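Since the structure comes first, as structure tokens, the remarks are kept for the end.
The values are calculated or read from the model by the stated rules, or taken from the named source; none is laboratory data. What you are looking at is a predicted structure, and each value in this text was computed from that prediction instead of being measured. All Cβ positions, even for glycine, are placed from backbone atoms using ideal geometry, and neighbour counts span all protein chains on display. Areas reflect the complete protein model, heavy atoms only, side chains present, ligands, DNA and RNA absent. Shrake-Rupley method; radii C 1.70, N 1.55, O 1.52, S 1.80 Å.
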Amino acid sequence: MGAGVSSCNKVEKEGGGSISSSSRDSRPGLGDIPESCISSLFMNLDPPDICKLARVNRAFHRASSADFVWESKLPPSYKFLANKVLGEENIATMTKKEIYAKLCLPNRFDGGTKEVWLDKCSGQVCLFMSSKSLKITGIDDRRYWNYIPTEESRFQSVAYLQQMWWVEVVGELEFEFPVGSYSLIFRLQLGKASKRLGRRVCNVDQVHGWDIKPVRFQLSTSDGQLSLSECYLCGPGEWVYYHVGDFVVEKPNEPINIKFSLAQIDCTHTKGGLCVDSAIICPTEFKERLKQS
């Protein structure tokens, strides 16, 4: 019986020789690749691919957690962003992988009025500013403006204009953006949406004045970039993304101040029925994606 077992553990070779199965199983495999080599390979991959390969075996999993791998995926200005949304004390105890994972989630700051995250593939910043973070003329007078709750905003409320002669919404932000081209966009709606018997309905009774003169959009930056445009507001009952302008960040680790506005200040007629949800800064290539959402 012992001879039978011994013969089963051998594989015949050409020329009459044999090789034992134990010798065959000792050939190098993926688990024998040095972790340092795997980590170096990961530096050339996108984060989603790194996470997939981390499931291959323990060596790949350990290599996928190396600090230098994830620091290469973070933008040069990540410390500014991490300090703002995570806090300096917290990031001191976190690995670079943990910092990256946290920054890729939506993070609120400035009292919950702004939300920011890193795009997982490009490493660029996406930033949303709620209506409460903007300066709106007459916002404190309930005859003109009100904040109304809604599930259609990521901030759970929007500013609603009932009626006013002078409409002006201004925003300002100082931030360190990764190098790249960015677009600034307003998310607006004509009409006030609500739910009735479980269905979405939009009251457009107060919508008026937006077809007489266009709204003026303006964007300027501290390094001299300027954009001006005019557009009639349209699409009652639907959220529309209005492109204000683009700006380019060429220097990392350097704050840029951005001022932007929308205005319709022709006092020959009143305007009303406008919902202001947010202002958005995103990589320019994401602009079309927003419009389709």
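Being surrounded by 18 or more Cβ atoms within 10 Å (Cβ to Cβ) and among the charged types (D, E, K, R): is that true of ASP277 here? First the steps, then the outcome.
Working: surrounded by 18 or more Cβ atoms within 10 Å (Cβ to Cβ): yes; among the charged types (D, E, K, R): yes.
Against the criterion (surrounded by 18 or more Cβ atoms within 10 Å (Cβ to Cβ) and among the charged types (D, E, K, R)), ASP277 qualifies.
For the range 193-235, the set of residues classified as within 27 Å of the chain's Cα centre (by Cα) and in a loop (DSSP other than H, G, I, E, B) consists of SER222, ASP223, GLY224, GLN225, LEU233, CYS234, GLY235, listed by residue number. The set of residues in the range 243-293 that are more than 17 Å from LEU118 (Cα to Cα) and polar (S, T, N, Q) comprises ASN257, SER261, GLN264, THR268, THR270, SER278, GLN292, SER293.
Taking (1) in contact with a Ser or Thr (Cβ under 8 Å, 6 or more places away or on another chain); (2) surrounded by 15 or more Cβ atoms within 10 Å (Cβ to Cβ) in turn, LYS84 satisfies each apart from (1).
Taking ILE185 and the conditions (1) touching a residue at least 24 places away in the same chain (Cβ under 8 Å); (2) more than 17 Å from ALA279 (Cα to Cα), which numbered condition does it fall short on, given that it satisfies the others? Failed condition: (2). Is there a residue in the range 199-216 that is under 15 Å from GLY171 (Cβ atoms) and either not assigned by the TED database to the domain that holds GLU172 or not hydroxyl-bearing (Ser, Thr, Tyr) (or both)? Yes, the conditions are met somewhere in the range 199-216.
For the range 177-186, what are the residues that are open to solvent by less than 30 Å² (accessible area, probe 1.4 Å) and either touching a Phe, Trp or Tyr at 6+ places or on another chain (Cβ under 7 Å) or over 22 Å from ARG216 (Cα atoms) (or both)? Let's see the steps before the verdict.
Filtering the range 177-186 down to residues open to solvent by less than 30 Å² (accessible area, probe 1.4 Å) leaves 177-178, 180, 182-186.
The answer is PHE177, PRO178, GLY180, TYR182, LEU184, ILE185, PHE186.
From the set of residues in the range 99-123 that are open to solvent by 20 Å² or more (accessible area, probe 1.4 Å) and in contact with a Cys (Cβ under 8 Å, 6 or more places away or on another chain), which is nearest to GLN156 (Cα to Cα)? Checking each candidate, the answer is TRP117.
Pairing residues of the range 218-236 that are in contact (Cβ under 8 Å) with a residue 12 or more places away in the chain with residues that are among the basic types (Lys, Arg), at Cβ distances under 6 Å and at least 6 apart in sequence or on separate chains, gives SER220/LYS259; GLU230/ARG216. Remark: pairs (first residue in the range 93-110, touching a residue at least 24 places away in the same chain (Cβ under 8 Å); second residue open to solvent by 60 Å² or more (accessible area, probe 1.4 Å) and assigned to a helix (DSSP H, G or I); Cβ separation under 8 Å; 6+ apart in sequence or on different chains) = THR95/ASP67; LYS96/ASP67; LYS96/PHE68; LYS96/GLU71; LYS97/ASP67; PHE109/LYS84.
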